[in-house]
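The block underneath contains the structure these notes are about, expressed in structure tokens.
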Amino acid sequence: MKELLKRSITGILYVFLLLAAVFLSNDAFDFLFLIFGLTCLYEFKKIIKLRGYYIFIAFLIVWWLFIYLVQEKAIIRVFLMLCCTVNIILTINLFSKSTIRYSKTQKFIISLFYIGGGSIFLTMIPYIGNHFAKFLIMGIFIMIWVNDSFAYLVGKTLGRTKLYEKVSPKKTVEGFIGGFIFTLLAAFFLWKYDKGLELNQWLVLAAIVVITGSLGDLIESKFKRNAGVKDSGAILPGHGGLLDRLDSLVFAAPFAYLTLQIFSYVS
């Protein structure tokens, strides 16, 4: 009971912080995800045993460039493709039967484009249009939370078939399907509330978020399992590290950004 209370209080404070940053101002939102990105990098750096602090300098430079300086769409697309490529490679490696040993250079690249790039595109998503789209980014947060919550609840209640037992023994196929269905329902209600996207676009975005978010969760779990740790950190009492809370969002962000760019292009 004490642990449940601790988790509940931490979860409420975490959600309040996100909501406050989104609705306070775009500068507050940018700053919050800069801090989140640095924290996730610090936790991931410990998991993969990447030495030195050059990764933080590289992230700060790239973050400043793409949040405040670079407006050229071609350059942003190159960075987006690099982030998606690294994430696809990590997805392929997720299903590798052997333990993959990364060199120091590979660890640096993975950290910069997987964690750093995910944090940057998560920050950039609300700026895709001509205004700061508060509801769009909140919609993505909501879909991730709905997927995580109902995948857990359905999996715990009806789960029988393991999704990927070698990496995450508690996740089930039934839980994944349950999370998927409830996220599609959430997307429908998001569309009813805000017509910034068409219904079919909200549903496609929901599917992308669920699939890539679930992969991101599994990928972080594999990194932790290979490192022999349960949590990425202890910054959130009852929840572990910040990366444990943002792993789905960070991995899904480049793919969600790409999806929204495609919507803009074809509309």
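Of note:
- Part-to-part distance (alpha-carbon centres) for segment 145-179 and segment 46-91, which is given in Å: 31
- Surface/4 estimate of mean projected area, convex hull on alpha-carbon atoms of segment 10-86, nm²: 6.6
- In this structure the amide hydrogen of LEU163, modeled in the peptide plane, comes within under 5 Å of the amide hydrogens of LYS171, THR172, VAL173, none closer than 5 places in sequence on its chain.
- Order by protection proxy (mean Cβ within 10 Å, highest first), peptides 139-152, 82-95: 139-152, 82-95
- Other residues within the sphere of radius under 13 Å centred on the Cβ of THR91, judged by their own Cβ, net out at -1 (K and R +1, D and E -1).
- Computed about the Cα centre, the dipole magnitude for segment 138-234 is approximately 400 debye when only Lys and Arg (+1) and Asp and Glu (-1) carry charge, each at its Cβ.
- Volume per residue of the C-alpha convex hull in segment 159-267, rounded to whole Å³: 122
- Taking Lys and Arg as +1 and Asp and Glu as -1, the other residues whose beta-carbon sits under 15 Å from that of VAL209 total -3.
- Per-residue ³J(HN,Hα) for segment 177-183, Karplus 6.51 cos²θ - 1.76 cosθ + 1.60, θ = phi - 60°, Hz, x for Gly and Pro: 5, x, x, 4, 5, 5, 6
- Using Cβ point charges alone (K and R +1, D and E -1), the dipole size of segment 2-266 about the Cα centre works out to roughly 1040 debye.
- Rounded to the nearest 20 debye, the dipole size of segment 24-133 about its Cα centre is 700 debye, using +1 on the Cβ of Lys and Arg and -1 on the Cβ of Asp and Glu.
- In order along segment 193-199, the phi-based Karplus estimate (6.51 cos²θ - 1.76 cosθ + 1.60, θ = phi - 60°) of 3J(HN,Hα) comes to 7, 9, 9, x, 10, 5, 4 Hz; Gly and Pro are listed as x.
- Among TYR127, TYR42, TYR114: highest mean-square fluctuation, GNM of the chain, C-alpha pairs under 10 Å: TYR127
- For the cross-link pairs LYS73/LYS224; LYS97/LYS224; LYS107/LYS162; LYS156/LYS230; LYS162/LYS224, the ones whose C-alpha atoms lie over 28 Å apart are LYS73/LYS224; LYS107/LYS162.
- Look at the alpha carbon pairs under 8 Å that are at least 6 residues apart: their mean separation over the length of segment 2-266 gives a relative contact order of 25 percent.
- Across segment 153-267, the mean sequence separation of Cα contacts (distance under 8 Å, 6 or more residues apart), normalised by length, yields a relative contact order of 20 percent.
- Size descriptor, Kirkwood hydrodynamic radius, that averages inverse alpha-carbon separations across segment 2-266, Å: 18.9
- Cα shape, segment 48-203, gyration tensor, a/c 1.5 rule: oblate
- By the rule of a C-alpha distance below 16 Å, with chain neighbours fewer than 8 residues away ignored, the aspartates and glutamates paired with LYS46 are GLU220, ASP231, ASP244, ASP247.
- Note, ³J(HN,Hα) from phi for segment 106-123, Karplus 6.51, -1.76, 1.60, rounded to Hz, x at Gly and Pro: 5, 4, 5, 5, 4, 4, 5, 8, 7, 7, x, x, x, 5, 5, 6, 5, 6
FYI, it's all coordinate maths here, none of it is from the lab. Here the structure is a predicted model, which means the values were calculated and not measured. Ideal geometry is used to build each Cβ from the backbone, glycine not excepted, and the neighbour counts take in all protein chains shown.
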